[in-house]
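Participant: Can you keep this structure in mind? I'll have questions shortly.
The values are calculated or read from the model by the stated rules, or taken from the named source; none is laboratory data. What you see is a predicted model; the values in this text were computed from it and never measured. Cβ sites come from the backbone with ideal geometry, for glycine too, and all protein chains shown count toward neighbours. Only protein heavy atoms, including side chains, enter the accessible area calculation; ligands, DNA and RNA are left aside. Shrake-Rupley method; radii C 1.70, N 1.55, O 1.52, S 1.80 Å.
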Amino acid sequence: MRRENGAGALLSHTEKGMPVAVDSLLDNPELLKRFGITRLCDVTGLDTIGVPVWAAVQPNSRSLSVSQGKGLDTRQAKVSAVMEAVENAVAEDTQKHIREHGSIAAMLQRGMRLVPLEELARVNPGELDPDRGRAWVAGYSARDGGIVHAPFELIGMDFRADFPWDRQAFQMSSQGIAAGTDPDRTILHALLELVEHDASFAAGAFETRRLGMGRIAFSQSGHQALDTLLGQLEKAGLEVRFFDMTSSNRLPVVLAAIPRAVAADHGPGLRISAGTACRLTLQEAATAALLEAIQSRLTDISGARDDLSAQRYVFDRAAEEWSQPSPALPLSSLAAPIDFGDEDAETPLWRRVADHLFTAGVDDIYVFPLDTGMPGISVVRVLASGLAAAGGSLNRFSASALDSFLKR
């Protein structure tokens, strides 16, 4: 089938050699250094919650020099931190991924298929110069498997100010990139992240916006991981609130928010540490979102990430709504989850999710496997025609993001 040929041609170069086990990567400083990781550190104890959060340090990173990871146990948190750092390191590499050079006009003249730039998030069509020389990365269409090309700016993560990337036409971002040990699961994770950001688009910056959307209650959810996390928060004396952000494509998206006290210049106050996640069930989305919120809170406490702004430590008037009563919707009132069938089915789960998104208005999904140089470790970037990017200044409403906005 054509789509398998396209994907296979792009993946073949990463499948040579013996796979590297994740535990071997975690315990081998020399392997970690291949991705620029010089230190792993446990920052869990800086907060009172006790959910494991680790950091991976990459001093020479071209994007973030500190990546955070979280999990239900220490190993999960270490793996999460390392995979976040691996994403950065692989996406920063300009030489491994660039397959073609030329302007848009020249590429089209040569018969090269390009992603539909004017229909993608993080693109400003008004600034696209068809005659400007560009570097292109090869991927494939999820609809037909055909090879497509995208500008490095939409795939890579090289934020060096002195490099001539087109920052007027494109916005570099980590949205839609994932790392893992299973290629299919890695693509699914990246795709769900795009759905998450699409649903979050209208909400703006999570830390400063008003949490005026429908709350949902997860008390005694019956989901072991979620109930464990909620128990730890209760023990720490903290309250978490969940909000349903699911849009018209019906893939569950949840926002979890936890208060954090700040001592601003004009007195004590609150900020909200929040996390969002898209998963295939509401409970799984809530669990992942809560882990993100716990990590976000600890990130602010540690102050270690190089993209933190002073605003995250200033009293937020919108957080005053936290103390106001807000009724929560029972889970029984929300839409039933989509049945994607048996996970052992022949069709990979991410393709089943992609097919569902096609019926929900997404025109196409483009997958870009990135060479990690290490068998057994996969990194992929996913773009989608028909999904918006959260917080993107170069953006447009998708149909699902518009639905999400109107629903608020």
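Participant: Can you find a residue that is touching a strand residue (DSSP E or B) at 6+ places or on another chain (Cβ under 7 Å), open to solvent by 10 Å² or more (accessible area, probe 1.4 Å) and either in contact (Cβ under 8 Å) with a residue 40 or more places away in the chain or acidic (D, E) (or both) anywhere in segment 102-112?
Facilitator: No, that holds for no residue.
Residue by residue, here is whether (1) under 22 Å from the mean Cα position of the chain (by Cα); (2) assigned to a strand (DSSP E or B); (3) of a type outside the set (D, E) holds:
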| site | (1), (2), (3) |
| --- | --- |
| S63 | yes, no, yes |
| Q68 | yes, yes, yes |
| K78 | yes, no, yes |
| E87 | yes, no, no |
| A106 | no, no, yes |
| A135 | no, yes, yes |
| Y140 | yes, yes, yes |
| H149 | yes, yes, yes |
| Q175 | yes, no, yes |
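Participant: Pull up segment 205-249, narrow it to residues that are modelled with pLDDT of 90 or more and among the acidic types (D, E), then point me to the one that is least open to solvent (accessible area, probe 1.4 Å).
Facilitator: Residue satisfying both the conditions and the ranking: D244.
Participant: Could you check segment 262-284 and list, in sequence order, the residues that are of a type in the set (G, A, S) and in contact with a Phe, Trp or Tyr (Cβ under 9 Å, 6 or more places away or on another chain)?
Facilitator: Listed by number, the residues that qualify are A263, A264, G267, G269, S273, A274, G275.
Participant: Can you tell me which residue among G133, G145, G126 is out of contact with any Leu (no Cβ under 9 Å at 6 or more places or on another chain), among the small types (G, A, S) and closer than 20 Å to L357 by Cβ?
Facilitator: G145
Participant: Name the residue that is least open to solvent (accessible area, probe 1.4 Å), counting only residues in segment 56-81 that are without any contact (Cβ under 8 Å) to a residue 60 or more places away in the chain and more than 14 Å from V43 (Cβ to Cβ).
Facilitator: Filtering first and then ranking leaves Q58.
Participant: Which count do you get for residues in segment 113-136 that are in contact with a strand residue (DSSP E or B) (Cβ under 7 Å, 6 or more places away or on another chain) and of a type in the set (D, E, K, R)?
Facilitator: Here the count works out to 4.
Participant: From the residues in segment 151-173 that are part of a loop (DSSP other than H, G, I, E, B) and of a type in the set (A, V, I, L, M), which one is most open to solvent (accessible area, probe 1.4 Å)?
Facilitator: A161
Participant: Taking interchain pairs and intrachain pairs at least six residues apart, which have beta carbon atoms under 6 angstrom, with the first residue in segment 283-302 and over 15 Å from R215 (Cα atoms) and the second of a type in the set (S, T, N, Q)?
Facilitator: Pairs found: A293/S273; Q295/Q68; S296/S273; R297/S273; T299/Q68.
Participant: For segment 346-376, name all the residues that are open to solvent by 50 Å² or more (accessible area, probe 1.4 Å) and without any contact (Cβ under 8 Å) to a residue 40 or more places away in the chain.
Facilitator: Those that are open to solvent by 50 Å² or more (accessible area, probe 1.4 Å) and without any contact (Cβ under 8 Å) to a residue 40 or more places away in the chain: E346, T347, D355, T359.
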